[in-house]
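Student: Questions regarding the structure given below will be posed in turn.
The values are calculated or read from the model by the stated rules, or taken from the named source; none is laboratory data. Being a predicted model, the structure only gives us computed values, none of them experimental. Here the Cβ positions follow ideal geometry from the backbone for every residue, glycine too, while neighbour counts run over all protein chains shown. These accessible areas exclude ligands, DNA and RNA; they are computed on the full protein's heavy atoms, side chains included. Shrake-Rupley method; radii C 1.70, N 1.55, O 1.52, S 1.80 Å.
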Amino acid sequence: YVHVSTAYVNCNLPNQARVMEELPKCAADGEAVLAEIAKLSPEQMETRTVQLLKAEGYPNTYTFTKAMGEKLLFKYHKRIPVGIVRP
């Protein structure tokens with residue numbers, strides 16, 4: 001399986017930081033975030049989204065969800081071969 005991600009998963013790193021070939025620095029667990037937001041109203045979801053983005057240092061949901069997606073792939077990669085491409 002080849003996952004097309006984005007180099008912007010590293011946009012939460014400090015300026016001039018060296019980007020390594022490793023998982024993004026994202027503490028959020030994708031499954032936990034999904035379970036949490038599934039219980040929220042649209043208004044609560046918007047508030048929580050802003051809080052998560054600020055806590056993780058991501059400017060938008062695109063980069064944040066791509067980072068969580070990479071972490072989920074790593075978690076389950078033993079089942080199938082996985083490659084992550086970050087154009």
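Student: Being modelled with pLDDT of 90 or more and among the small types (G, A, S) is true for just one of A17, A38. Which residue is that?
Tutor: A38
Student: Separate question: Of everything in segment 1-23, what is part of a loop (DSSP other than H, G, I, E, B) and over 10 Å from T63 (Cα atoms)? Give them in sequence order.
Tutor: Y1, L13, P14, N15, Q16, A17, R18, V19, M20, E21, E22, L23 - these are the residues of segment 1-23 that are part of a loop (DSSP other than H, G, I, E, B) and over 10 Å from T63 (Cα atoms).
Student: Moving to a separate point now. Those residues that are touching a residue at least 24 places away in the same chain (Cβ under 8 Å) and either under 13 Å from E22 (Cα atoms) or in a helix (DSSP H, G or I) (or both), I need them from segment 66-82; list them, please.
Tutor: K66, A67, M68, G69, E70, K71, L72, L73, F74
Student: Return yes when K25 is under 12 Å from N10 (Cα atoms), at pLDDT below 95 and out of contact with any strand residue (DSSP E or B) (no Cβ under 9 Å at 6 or more places or on another chain) and no when it is not.
Tutor: In short, yes.
Student: Continuing with the same structure: Specify the residue that is least open to solvent (accessible area, probe 1.4 Å); the eligible residues are those in segment 7-19 that are without any contact (Cβ under 8 Å) to a residue 60 or more places away in the chain and in contact with a helix residue (DSSP H, G or I) (Cβ under 7 Å, 6 or more places away or on another chain).
Tutor: N12
Student: When segment 27-83 is examined, which residues are found to be of a type in the set (S, T, N, Q) and over 15 Å from the mean Cα position of the chain (by Cα)? Spell out how you get there, then give the answer.
Tutor: The first filter runs over segment 27-83 and keeps only residues of a type in the set (S, T, N, Q), leaving 41, 44, 47, 49, 51, 60-61, 63, 65.
Within segment 27-83, S41, Q44, T47 qualify.
Student: Still on this structure, please answer the following. Mind checking which pairs have a first residue in segment 20-49 that is at negative phi and a second that is part of a helix (DSSP H, G or I) and of a type in the set (F, W, Y), Cβ under 8 Å, 6 or more apart or different chains?
Tutor: Short answer, once both residue conditions are applied: L23/F74; C26/F64; A28/F64.
Student: I've got another one for you. Could you check how many residues of segment 26-56 are surrounded by 15 or more Cβ atoms within 10 Å (Cβ to Cβ) and under 13 Å from A67 (Cα atoms)?
Tutor: Residues in segment 26-56 being surrounded by 15 or more Cβ atoms within 10 Å (Cβ to Cβ) and under 13 Å from A67 (Cα atoms): 7 in total.
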